[in-house]
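Below is one structure, written out as structure tokens; comments come after it.
The values are calculated or read from the model by the stated rules, or taken from the named source; none is laboratory data. Since the structure is predicted, the reported quantities are computational estimates derived from the model, not experimental observations. Backbone-built Cβ (ideal geometry, glycine too); neighbour counts: all protein chains shown.
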Amino acid sequence: MNILIDARWINTSNIDGISNFTINIIKELLNNFGDKFYILLKNKEEYHFLRKNFNLNSEKVIFLDIKINSFKNIFKIRQLINNLNIKLYFSPNIVFFLPFINCKKIVVIHDIIPLIYKQYFKNASFKFKLFFTNRFIYKKILNFSDKIITVSNSTKKDLKKILKINKEISVIYEGSFFSNKENNIEVLKEKYFLFVGRHEYYKNIHSLIDLYNLLPLEIKNSYKLIIIGKFYNKYTDYLKNKVRNYNLDNNIVFIDNLLPNEILKYYKNCFILIHLSLYEGFGLTILEAMSFGKPVIAYNVSSIPEILKEKELLFQVNDVENIKK
């Protein structure tokens, strides 16, 4: 069977959750199935990135430098699938062209945040809002898949409840590929609390800054707050203004997106991960911190209780006083 893995979700300049998930999928498939599948990449930059880490068969790598959810991609992907006689197409995330593919299709759904928090995507492109904040169209797209995989029971319940998906949905948890046994990780001398996640409003970073500001002065002087994640102009500006207004510029450090290997030292050396996100399809950063033996404070919402079992570290939303204690 000819299998095509759509790895165009990998973006070496911005290794976000989907990108990291895709890299790990490629890693495991190569370890277990060798070159029994084709890998679809955007360009040679991603190819060289993978070659540094994995043993890729160049004959099984195909380049299609077109945005995944562009209309032009519909024709190109159909042509590619027909020419290679592809029998199974696998996407690590939802794509709106699923109805146009003439083979078996497996898709992974990590979350349906644009459907749950539509108000945070008002400035998104028309095409994004048409396909990813529209329940009717989103459901229609998914109904053309042959298999749906989600990364948590929480996301599965959302698909059943919000989209009324009647298809069988398999839950396969993500895994952390970090380990506290990793060698040669730099030791950081500073003490700090850590948050990892892109600057999206539902990540609730503003509440984390408010909470940090309420801590006693001796704790703030002893522990900085490091916030790692991709910047988004308006929300990032809002966060930095909040820090400035609290006079915490020397206490709170913002670090833009890092590659997986670069983030290891921050997990390894942090005192605790604080993750006050209002919704997570899985919560991989929580698992990654725990893989280094780090405690995690988080809200008891969505998928997070599936990952973090310690009840004393799970709090109700806005339970500021108890989190501070």
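The figures follow:
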item	result
Residue check for PRO99: surrounded by fewer than 19 Cβ atoms within 10 Å (Cβ to Cβ) and either in contact (Cβ under 8 Å) with a residue 24 or more places away in the chain or touching a strand residue (DSSP E or B) at 6+ places or on another chain (Cβ under 6 Å) (or both)	yes
Among the candidates LYS129, LYS167, LYS122, LYS118, residue that is in contact with a Leu (Cβ under 8 Å, 6 or more places away or on another chain) and farther than 30 Å from MET290 by Cα	LYS167
Residue among LEU217, LEU248, LEU258, LEU208 that alone is among the hydrophobic types (A, V, I, L, M, F, W, C), touching a residue at least 60 places away in the same chain (Cβ under 8 Å) and farther than 19 Å from LEU276 by Cα	LEU258
Selected residue (criterion: farthest from HIS110 (Cα to Cα)) from residues of segment 13-30 that are touching a helix residue (DSSP H, G or I) at 6+ places or on another chain (Cβ under 9 Å) and outside any helix (DSSP H, G or I)	SER13
Residue in segment 31-41 that is assigned by TED's automatic domain parsing to the domain that holds LYS157, assigned to a loop (DSSP other than H, G, I, E, B) and surrounded by 14 or more Cβ atoms within 10 Å (Cβ to Cβ) present	yes
Positions within segment 193-214 being surrounded by fewer than 19 Cβ atoms within 10 Å (Cβ to Cβ) and either of a type in the set (Phe, Trp, Tyr) or touching a Cys at 6+ places or on another chain (Cβ under 6 Å) (or both), in sequence order	TYR201, TYR202
Residue selected from segment 72-87 under the condition touching a residue at least 24 places away in the same chain (Cβ under 8 Å) and under 27 Å from the mean Cα position of the chain (by Cα), by the criterion surrounded by the fewest Cβ atoms within 10 Å (Cβ to Cβ)	ILE74
Matching helices (runs of 4 or more DSSP H) fully within segment 72-157 where at least 2 residues are touching a helix residue (DSSP H, G or I) at 6+ places or on another chain (Cβ under 7 Å) and farther than 24 Å from LEU278 by Cα	135-142
Checking ASN257 against (1) modelled with pLDDT of 95 or more; (2) touching an Asp or Glu at 6+ places or on another chain (Cβ under 9 Å); (3) surrounded by fewer than 20 Cβ atoms within 10 Å (Cβ to Cβ), the condition it does not meet	(1)
Positions within segment 44-76 being of a type in the set (A, V, I, L, M, F, W, C) and either in contact with a strand residue (DSSP E or B) (Cβ under 8 Å, 6 or more places away or on another chain) or not assigned by TED's automatic domain parsing to the domain that holds PHE21 (or both), in sequence order	LEU50, LEU56, VAL61, ILE62, PHE63, LEU64, ILE68
